[in-house]
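Asker: I'd like to ask some things about the structure below.
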Amino acid sequence: MTPDADLLIVGGGPVGLAAAIEGRLAGLSVIVVEPRATPVDKACGEGLMPGAVAALHRLGVYPEGHTLTGIRYVRGKVVADHPFAVAPGLGVRRTVLHAALARRAAELGAVVVTGRGGAVEQDESFVWCAGMRGRWLLACDGLHSTVRRQVDLAVQRRATGRRFGVRKHFRVEPWTDLVEVHWGRSVEAYVTPVADDVVGVALLGPARHDFDATLEAFGALRRHLGAAPTLGPARGAGPLHQQTRRRTAGRVRLVGDASGYVDALTGEGVRVGLAQAREAVATLEDDVHRSNAAYEKAWTAATRDYRLLTSGLITAARSPLRRGIVPLAAAAPGLYGAVVERLAR
């Protein structure tokens, strides 16, 4: 029985397209199922760490954007800067990144089908979804993955303490080539230059905070933005924290945000998602149980630093230690720099 494709990929966002590219580079036939037209916008910080830039280049993807030279933490008058040690990052609008990945996937022969994943069924040899049959299914359908729920890999969490992100773009010349993280009482403002005349501002914090009112509390940031006009509507995402019991269920694999997510604070979502896409394809083999064990191990290794460091930072941010995070970074630049470099790889 011949499948429609070696890989069925549900979700044609950046991680889904990266997985499609990985599949084609490995010589596999690929079908991506995505209901939305390219490019798709999404609320995110839009800052690519140096490791994410390198991973995109390995795939043959070179999006246009604004060079990022490091990370800056700001709280009031206290500032802590760390320039990237080896290579720069890149500020890229989500739509630009998505379009660049879509072009590369099409160039390599990945097929994109407009539609929704729908019901998932599988046996020992094949998996069915969206009316098609594949040897494997990669669920790249985001924070609220429907595939994850269908194959019973989701972990239900209480609603308390959940964080959300809201992003707007401003037409203004960047005042720095650093990504700035402004720390407020309960919200962080993640500021990323994405073009020579555009800056993205993402607010990360509790649900139901008003973007404009919250932004007013960040005096220095508000002064930099001045009367700059906004570009397009605000985009929201969340709740950010998602947990999974495993990343594999038979011939189904969770990849990217669908596989679990801690928080956007450290700006690693794309880097970690690209690493997962690579491993999801690299560990495929005929023996399903051995193959899935290899992916689980690779997923754990690829996400370990992100999960540990981000979880630790979020724990501190929710405690009385929050007020001391930026002063500590400024007082201990070696420690601060080591953390940034670990995340930037």
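Asker: How far is it, in nm, from the label point at Asp177 to the one at Lys77 when both lie 7 Å from their Cα along the line to the Cβ?
Answerer: Taking the simple label geometry, Asp177 and Lys77 are separated by 2.9 nm.
Asker: Give me the number: length gained by fully extending Ala293 to Leu108, i.e. 0.36 nm times residue separation minus the C-alpha to C-alpha distance, one decimal in nm.
Answerer: Going from the current span to full extension adds 63.7 nm.
Asker: Most mobile of Leu48, Leu108, Leu56 per a Gaussian network model of the chain (Cα springs, under 10 Å)?
Answerer: Leu108
Asker: Do you know the relative contact order of the chain, to the nearest whole percent, from alpha carbon pairs under 8 angstrom that are 6+ apart?
Answerer: Computed over the chain, the figure is 23 percent.
Asker: Which residue fluctuates the most in the chain, going by a Gaussian network model with Cα springs under 10 Å, if the choices are Val120, Val53, Val181?
Answerer: Highest fluctuation of the listed residues: Val120.
Asker: Give me the percent of DSSP beta bridges within the chain that run antiparallel, rounded to the nearest 5.
Answerer: Here the share of antiparallel DSSP bridges comes out near 70 percent.
Asker: Can you tell me which lysines have their Cα less than 27 Å from the Cα of Lys42? Leave out same-chain residues fewer than eight positions away.
Answerer: Lys168
Asker: With each pseudo-label sitting 7 Å past Cα toward Cβ, what's the Glu285-Arg58 distance in nm, one decimal?
Answerer: Here the modelled spin labels are 2.0 nm apart.
Asker: Can I ask one more? Let me have the 222 nm mean residue ellipticity of the chain computed from DSSP H runs of 4+ only, each contributing -39500 (n - 2.57), with the sum over all residues rounded to the nearest 500.
Answerer: When only DSSP H runs of four or more count, the value is -10500 deg cm²/dmol.
Asker: Which of rounded, prolate, oblate describes the chain, given a ≥ b ≥ c as roots of the alpha-carbon gyration tensor eigenvalues and a/c under 1.5 marking rounded, otherwise prolate only if a/b is larger than b/c?
Answerer: Details: a/c = 1.88, a/b = 1.70, b/c = 1.11.
Because a/c hits 1.5 or more and a/b exceeds b/c, the chain counts as prolate.
Asker: Okay, moving on. Relative contact order for segment 190-345 using alpha-carbon pairs under 8 Å, separation at least 6, rounded to a whole percent?
Answerer: 15
Asker: Give the residue from Ala105, His241, Gly11 lying farthest towards the positive end of the charge dipole for the chain; charges sit on Cβ (+1 for Lys and Arg, -1 for Asp and Glu) and the dipole is referred to the Cα centre.
Answerer: His241
Asker: On to the next question. Cα gyration tensor of segment 109-187, axes a ≥ b ≥ c as square roots of the eigenvalues: rounded (a/c below 1.5), prolate (a/b > b/c) or oblate?
Answerer: Working: a/c = 3.64, a/b = 1.82, b/c = 2.00.
Oblate is the answer for segment 109-187, as a/c is 1.5 or above yet b/c matches or exceeds a/b.
Asker: If I build a Gaussian network model for the chain, linking alpha-carbon pairs within less than 10 angstrom, which residue out of Tyr73, Tyr261, Tyr62 has the largest mean-square fluctuation?
Answerer: Taking springs between Cα atoms under 10 Å, the residue moving most is Tyr62.
Every number here is computed from the coordinates shown, using simple stated rules; none is lab data. Note that the coordinates shown come from a computational prediction; the quantities given were computed from them, not determined experimentally. Don't worry about glycine lacking a Cβ; one is built from the backbone with ideal geometry, like all the others, and counts go over all protein chains shown.
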